[in-house]
Amino acid sequence: MSPNPLISEPVGDLVYRLEAMTDDELFATMSSLEKASEAAEDAEETLARIALTETEIERRYPGELLAPYRNWKQRQPVL
């Protein structure tokens, strides 16, 4: 199991948490999952969680696909 709770928590819990998150929290979750997928040896579980997060973003922003997330990401400071 991964020490990252976004990867290790049950999928049902993640879905419930995604629904309750603010937009900034949701976008930060997507960013964290993207980073985790790049570092993962077996990214299948992470990619499934990314798909769930994408679905929540698309539910909140119908017809905009991931544009709100990409805009948010561009506004974030480079660390």
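The values are calculated or read from the model by the stated rules, or taken from the named source; none is laboratory data. Because the structure is a prediction, the values reported are computed rather than measured. So basically every Cβ, Gly included, is an ideal-geometry build from the backbone, and we count neighbours across all protein chains shown. Just so you know, the surface numbers come from the protein's heavy atoms only, side chains and all, with ligands and any DNA or RNA stripped out. Shrake-Rupley method; radii C 1.70, N 1.55, O 1.52, S 1.80 Å.
Okay, residues lined up against (1) at pLDDT below 95; (2) under 18 Å from residue 15 (Cα atoms):
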{"position": "34", "(1), (2)": "yes, yes"}
{"position": "41", "(1), (2)": "yes, no"}
{"position": "48", "(1), (2)": "yes, yes"}
{"position": "56", "(1), (2)": "no, yes"}
{"position": "72", "(1), (2)": "no, no"}
{"position": "75", "(1), (2)": "yes, no"}
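Regarding residue 9, is this residue modelled with pLDDT under 95 and open to solvent by 50 Å² or more (accessible area, probe 1.4 Å)? Explain how you work it out, then say what you get.
Values: modelled with pLDDT under 95: yes; open to solvent by 50 Å² or more (accessible area, probe 1.4 Å): no.
Against the criterion (modelled with pLDDT under 95 and open to solvent by 50 Å² or more (accessible area, probe 1.4 Å)), residue 9 does not qualify.
Criterion first (in contact with a Ser or Thr (Cβ under 9 Å, 6 or more places away or on another chain) and open to solvent by 20 Å² or more (accessible area, probe 1.4 Å)) does residue 40 satisfy it?
Working: in contact with a Ser or Thr (Cβ under 9 Å, 6 or more places away or on another chain): yes; open to solvent by 20 Å² or more (accessible area, probe 1.4 Å): yes.
Here the answer is yes, as residue 40 does meet what is asked.
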Yes or no: residue 31 of a type outside the set (D, E, K, R), closer than 14 Å to residue 73 by Cβ and touching a residue at least 12 places away in the same chain (Cβ under 8 Å)? yes
